[in-house]
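So the structure is just underneath, and the comments pick up after that.
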């Protein structure tokens, strides 16, 4: 799906809506400054920006793990607040519909074995054991890590940990997948495999939001880009092809060097008009 | 940012090699860094070994973890109540038989148990064997001290023997339980037996962070070793390094703890320990419980027969 300017989503029909959100770590280090954005069901959206611009923080807000100091966040037509997520029923519904793959797989893969790790989410969702066992086996097979099932996470390589982290989220079959720098630290073949998987999941109706500063894979990974400036604000929000063509903007937000061309343009690849 | 305007001159010149020839320098023994990295590797090796043992198809490994926890804890309580060395030795022999039936290498099992006993109990029981602490018949004279005869008494040695055999049997039972049960199943069994949720949470987190922090320490020390050009780390710099590492690790641990917690919460974690394994009582479990009860009754009976 290629998004044209006319197809840009409105807040009315959005699945996730962030309005005027600001967040500071320790009340001193700003990460988000008056950020507003929305994501429609079935979209592939990339949060683009240089290091430290607030992409990961926004992903955590979307995952209901951090709560804005100012502004508000609405998901599935319900306000997501710290207080609201203390309601067990709401928390269970929200957590089962929103899956998040962290940038640091080390922190996400914490169970004694890979099988236990993948079963962690479904167990907390309260699924039946037979269904959990079936889902875990299917996920292990889909991610080609069946042979790792009884291994401990500390025995795995970086790429294997990333696969386990993705399996541990997909096994919960969330509607929305949030991914923080999904292709970082992966070799070329694993990157290709992951992109194909995300495209397939999106085609099946999953909403995908990912944070990245890798422009090379962007045209396959996202239909729309929300670009962050280094002052933690949204610089622009538009279709991927338009954002990739805007060299001045990419240079201003420190995604490409001033005077250089975006990787796709530099490679001579055609961009959709 | 221009590279030429900020790169210092010395960085653009060749460094004089510290020792260009292939001469043989002074050999040195490992310092804090080497010991820590090899210690971390040893711990990982030991954990891998424990996991292999827990994965064997021996007697204890085939039992329902709840049955195992209850039975072995029951035997532990009985052991604490026994008053005669021969009965305790009988119980200890029983633990050896269980270890053998669980495909544990006996030399490893015995070593693991007896390695700690001199450290933890030796300090306590050794003074009690002397006649100045425990009065009685001196069987091993050690000479005189300020005009008094000094020696080991029969009563003191018997008391020390009692403590040592009791501790050895108790540790053997605990080692049998922990080495034959994967950690996740042990925690789930404790939770199923209504152990406090907070206790399970703390134990589970401690185990999870152990390996993450172990990796962090190893990375820090390996990075340090890669930049150590001069000779051995002396005691003072070793202490400074340990202190600095502890501080850095504390910060890393806090960040990591927050990240792990967020990753758990994101997948619906609300403080309960759950396991994929469904516990099921079978005939073997019932037979094991009966055998443990019979052993406990026999031990207590013989102990009472031998008198107080």
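A few remarks follow.
- Members of region B:253-271 found to be out of contact with any strand residue (DSSP E or B) (no Cβ under 9 Å at 6 or more places or on another chain) and outside any helix (DSSP H, G or I), listed by number: B:268, B:269, B:270, B:271
Residue-wise test of (1) in contact with a helix residue (DSSP H, G or I) (Cβ under 7 Å, 6 or more places away or on another chain); (2) modelled with pLDDT under 85; (3) on the phi < 0 side of the Ramachandran plot.
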{"position": "B:217", "(1), (2), (3)": "yes, yes, yes"}
{"position": "B:232", "(1), (2), (3)": "no, yes, yes"}
{"position": "B:235", "(1), (2), (3)": "no, yes, yes"}
{"position": "B:239", "(1), (2), (3)": "no, yes, yes"}
{"position": "B:265", "(1), (2), (3)": "no, no, yes"}
{"position": "B:271", "(1), (2), (3)": "yes, yes, no"}
{"position": "B:289", "(1), (2), (3)": "yes, no, yes"}
{"position": "B:303", "(1), (2), (3)": "yes, no, yes"}
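- Test: residue A:182 is under 14 Å from residue A:100 (Cα atoms), within 12 Å of another protein chain (Cβ to nearest Cβ) and touching a residue at least 12 places away in the same chain (Cβ under 8 Å): no
- Of all the listed residues (A:244, A:201), the sole one being over 26 Å from residue A:123 (Cβ atoms) and either at pLDDT below 90 or in a helix (DSSP H, G or I) (or both) is A:244.
- Residue A:230, sole failed condition from (1) outside any helix (DSSP H, G or I); (2) modelled with pLDDT under 90; (3) surrounded by fewer than 20 Cβ atoms within 10 Å (Cβ to Cβ): (2)
- Filter result for residue A:177 (under 24 Å from residue A:58 (Cα atoms) and touching a strand residue (DSSP E or B) at 6+ places or on another chain (Cβ under 6 Å)): yes
- Residue B:279 satisfies every condition listed in (1) within 14 Å of chain A (Cβ to nearest Cβ); (2) in contact (Cβ under 8 Å) with a residue 40 or more places away in the chain; (3) over 18 Å from residue A:112 (Cβ atoms) except (3).
- Selection status of residue A:174, surrounded by 16 or more Cβ atoms within 10 Å (Cβ to Cβ), at pLDDT 90 or above, farther than 28 Å from residue B:52 by Cβ and within 11 Å of chain B (Cβ to nearest Cβ): yes
- Residue ID - surrounded by the most Cβ atoms within 10 Å (Cβ to Cβ), chosen from residues in region B:272-299 that are within 28 Å of the chain's Cα centre (by Cα) and assigned to a loop (DSSP other than H, G, I, E, B): B:275
- Only one of the listed residues (B:236, B:178, B:255) is within 10 Å of another protein chain (Cβ to nearest Cβ) and surrounded by fewer than 17 Cβ atoms within 10 Å (Cβ to Cβ). That residue is B:255.
- Flag for residue B:305 being free of Cβ contacts under 8 Å to residues at least 40 places away in the same chain and away from every other protein chain (no Cβ under 14 Å): yes
- Looking across region B:99-125 at every residue that is outside any helix (DSSP H, G or I) and free of Cβ contacts under 8 Å to residues at least 12 places away in the same chain, the one that is farthest from residue B:178 (Cα to Cα) is identified as B:115.
- Positions within region B:161-195 being in contact with a helix residue (DSSP H, G or I) (Cβ under 9 Å, 6 or more places away or on another chain) and not in a helix (DSSP H, G or I), in sequence order: B:180, B:181, B:182, B:193, B:195
- Of all the criteria given as (1) at pLDDT 75 or above; (2) in a helix (DSSP H, G or I), the one not satisfied by residue B:208 is (1).
- Those residues of region A:158-171 which are within 13 Å of chain B (Cβ to nearest Cβ) and either closer than 19 Å to residue B:219 by Cβ or in contact with a strand residue (DSSP E or B) (Cβ under 6 Å, 6 or more places away or on another chain) (or both), in sequence order: A:158, A:161, A:165, A:166, A:169
- Qualifying residue in region A:182-195 (condition: under 12 Å from the mean Cα position of the chain (by Cα), assigned to a helix (DSSP H, G or I) and under 27 Å from residue A:16 (Cβ atoms)): no
The values are calculated or read from the model by the stated rules, or taken from the named source; none is laboratory data. In this text, all values refer to a predicted model and were calculated from it rather than measured experimentally. For neighbour counting, all protein chains shown are included, and Cβ atoms are generated from backbone atoms with ideal geometry for every residue, glycine included.
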